[in-house]
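One structure is given here, and the rest of the page talks about it.
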Amino acid sequence: MGEEWVLVAWLIVTTAAIRGAGPVALGGRELPARAMGVIGLLAPALLAALVVTQTFGGEGSELTVDERALGVAGAGAVLALRGGILLTMAVAMVLTAGARALLA
Amino acid sequence: MRLTDRLPPRRIRVRDMRRDSLVAGIRAGIPFAIAAGVLAVSFGVLAEPVLGTEATLVMSAFVFAGSAQFGSLAVLGGGGGVAAAVIAAVLLNARYLPMGIALAPSLRGGWLRRAGYGETMIDASWAMANRGGGRFDPDFLVGATLPSYPAWVGGTLIGVLAGDLIGDPADLGLDALFPAFFLALLVGGELRSDRLAALVAVLGGAIALALTSVTPAGVPVIAASGAALLGLRRRRTAPEAVHPEIEEDPVG
């Protein structure tokens with residue numbers, strides 16, 4: 001079996017196990033109010049981290065400031081003006097591609 | 001005849017509510033599905049030379065996790081080996097652990113059914129199904145994921161087949177789509193009304209930024225979930241947590 005199939009098999013198994021683990025272990029149980037307070041704040045914490053890592057993440061583990069930062073800043077401006085989600089993404093894409101074309 | 005006799009049985013009303021949630025989720029999931037589809041095209045373009053056509057398509061169809069797929073591809077393509085690629089994928093997927101723990105109290109039914117809901121988690125649908133106070137709408141979650149699946153697999157297929165025509169996905173700015181989308185979810189979510197959530201977001205972002213250059217990819221996002229511990233201080237101001245909603249789901 002080629003290494004690509006070994007990788008695919010491992011990814012299928014580990015991804016399914018990780019996604020299922022929380023619901024299987026803790027499903028339907030009432031958690032204490034303090035725990036629910038923490039859980040309710042996981043979304044802003046994880047989303048902010050995803051914005052940061054997908055904007056500044058580079059090859060491997062390094063911090064990279066490139067044209068994506070301009071695109072995401074533009075997205076922030078659209079959101080500040082209460083623009084819709086598709087417009088936000090379109091502006092990010094166009095600004096990033098435009099800056100790359102100009103700097104290339 | 002009493003008024004209650006004319007109402008449909010409770011079980012049917014609940015089923016209607018759940019179907020409404022599913023449909024609302026599907027609608028809400030469409031913008032993300034468009035972004036996911038475009039990104040999947042770039043995954044197909046990048047993966048085909050490394051994994052080949054079949055393995056690339058099977059990966060998208062059965063793993064269905066963007067960051068893990070991109071991350072493991074980057075490691076394998078960079079000569080890092082299969083073990084390192086799997087570890088990268090596990091780290092990138094590890095955020096589904098706290099996300100699944102968060103989802104768990106809102107799920108009913110046997111373990112297989114609960115696991116099924118867990119398998120439908122993607123970042124966007126999880127965030128959009130969040131109802132505040134630690135509660136989630138599982139049917140909305142499933143609905144919000146649904147449009148992304150054909151978009152992800154179909155986009156991968158297009159990328160695999162048309163890679164030569166598309167060229168470098170970065171030239172089109174596709175890599176800015178996901179951070180922009182997550183920013184929109186973040187800003188459009190609870191930040192506007194909730195100061196503690198805003199503080200947690202800033203702290204989470206700062207943790208991720210500080211760790212990005214010193215830890216393997218995936219670790220910064222998991223570590224950032226620690227910012228949510230600020231919620232330990234909020235016992236009195238989380239009404240949903242103090243007064244749990246009346247249980248309406250008879251299925252479990």
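So here's what we get for this one:
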item	result
Once exposed loop trypsin sites (Lys or Arg not before Pro) are cut out (DSSP; at most 13 other Cβ, 10 Å), longest piece of chain B	B:3-235
Mean-position separation - Cα centroids, segment A:26-73 and segment B:55-134, in angstrom	14
Loop-located chymotrypsin sites (Phe, Trp or Tyr not before Pro) in segment A:1-102, at most 15 other Cβ atoms within 10 Å (DSSP)	none
Local net charge near B:ALA47, Cβ-Cβ under 12 Å (Lys/Arg +1, Asp/Glu -1)	-3
Residue-averaged 222 nm ellipticity for chain B, from DSSP H runs of 4+ at -39500 (n - 2.57), nearest 500	-21000 deg cm²/dmol
Label-point separation, B:ASP20 to A:THR64 (7 Å along Cα→Cβ), nm	4.6
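None of the figures in this text is laboratory data; all of them are computed from the coordinates on show. If you're wondering where the values come from, they're calculated on a predicted model, not measured in any experiment. Positions of Cβ are generated from backbone atoms using ideal geometry, with glycine treated the same way; all protein chains shown enter the neighbour counts.
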